[in-house]
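No value in this document is a laboratory result; all are computed from the given coordinates. This one's a predicted model, so the numbers in the text were calculated from it and none came from an experiment. With ideal geometry, Cβ positions are generated from the backbone for all residues, glycine too; neighbour counts draw on all protein chains shown.
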């Protein structure tokens, strides 16, 4: 595979931004001049990292490059700081990650690289914070993606959220408090795309959503406490989603290396005949 790192100034992030792209190699039997002169529109997986990560995480800590080679698929991995893939317009000069992904990075990639913009060729996946970003982006922009894989994350029901929660000591409370404040208060937060539980309620049964995979390690106690009620709720509202729980794994890279392979299979990407030596 070809591995690219691109650095560009971003309008939405108000800074220089790096992202990594995996592209299929030229088959060895091909003529380079003929191969590189062809206009291609490759299927693409948009792959999001977790908290404390960056655009290098997936390449450094999994074998995603080899898995992509088997499928002949491009993979785009942005850096999102600890933004939850949200807009933070009041952070310094502004850091609007949600808008950057949809309205800057994707147009750049579609127009500068041999990557397809068609819905049927676009897939979204992420782990932990990237999983929350995945379901938020996929649910609120279903026309963009054929399928999405949410790894080690789950929507949460915020319908009974109270100020007392932020003093409860919950591991998610401090982050959520900042997100609520950033959205302009609890009412605005609940009405926004950040509340993916509500968005899925509205989209379930419409036929507009991408195919959805939720995967977690069975020993990932924090995720499972939210995934179990969400799975029950998904059944109640008729949400077409696949749930995959692997025994013996927690919130760890050993699981995510397996989970991204499962995601590629779930996306329906066929294996290609490629020399992996």
At a threshold of 8 angstrom on Cα-Cα distance, excluding pairs fewer than six apart, so keeping six or more, what relative contact order does the chain reach in percent?
18 percent
Between residue 168 and residue 120, what is the spin-label point distance in nm, taking each point 7 Å from the Cα along the Cα→C-beta axis?
4.4 nm
Between 42, 81, 108, find the one with the highest GNM mean-square fluctuation for the chain; connect C-alpha pairs within less than 10 Å.
108
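With the Cα gyration tensor of region 132-222 in hand, convert its eigenvalues to equivalent ellipsoid semi-axes via √(5λ) and list them largest first in whole Å.
Three semi-axes, in Å: 24, 17, 10.
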Give the shape of region 28-183 as rounded, prolate or oblate, defined through the alpha-carbon gyration tensor: a ≥ b ≥ c are the square roots of its eigenvalues, a/c under 1.5 means rounded, and otherwise the shape is prolate if a/b is larger than b/c and oblate if not.
prolate
Could you list 237, 260, 245 in order of exposure, starting from the residue whose Cβ has the fewest other Cβ atoms within 10 Å?
237, 245, 260
Could you check which residue among 117, 168, 140 shows the biggest mean-square fluctuation in a GNM of the chain with a 10 Å Cα cutoff?
168
Would you look at the GNM of the chain, springs on alpha carbons closer than 10 Å, and say which of 173, 148, 139 moves the most?
173
How large is log10 I(q)/I(0) at q = 0.22 Å⁻¹ when the Debye formula is applied to the Cα atoms of region 173-277, each weighted equally and without solvent?
-1.24
Along the Cα-to-C-beta direction of residue 272, a point sits 7 Å from the Cα; which residues of region 1-40 have their amide N less than 15 Å from that point?
1-3, 22-32, 35-40
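In deg cm²/dmol, rounded to 500, what helix-only [θ] at 222 nm does the chain give when every DSSP H run of at least 4 residues adds -39500 (n - 2.57) and the total is split over its residues? Provide the component values of the computation, followed by the final result.
Numbers: 11 runs with 98 residues, N = 277.
About -10000 deg cm²/dmol.
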Only counting other Cβ atoms within 10 Å, I'd like 55, 233, 49 sorted with the fewest neighbours first.
233, 55, 49
Evaluate the Kirkwood expression for the hydrodynamic radius of region 1-104, namely the inverse of the mean inverse distance over all pairs of different C-alpha atoms, and round to one decimal in Å.
15.1 Å
What is the distance in Å between the Cα centres of region 1-33 and region 198-237?
33 Å
Taking neighbour counts of Cβ atoms within 10 Å as a proxy for exposure, in what order, fewest first, do 136, 11, 61 appear?
11, 61, 136
What does the C-alpha gyration tensor say about the overall shape of region 171-215? Classify as rounded when a/c is under 1.5, otherwise prolate if a/b is larger than b/c, or oblate.
oblate
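Tell me the relative contact order for region 18-77 as a rounded percent, counting alpha carbon contacts under 8 Å between residues six or more apart.
After rounding, I find 57 percent.
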Over the Cα atoms of the chain, what radius of gyration and what Dmax do you get, in Å?
18.8, 66
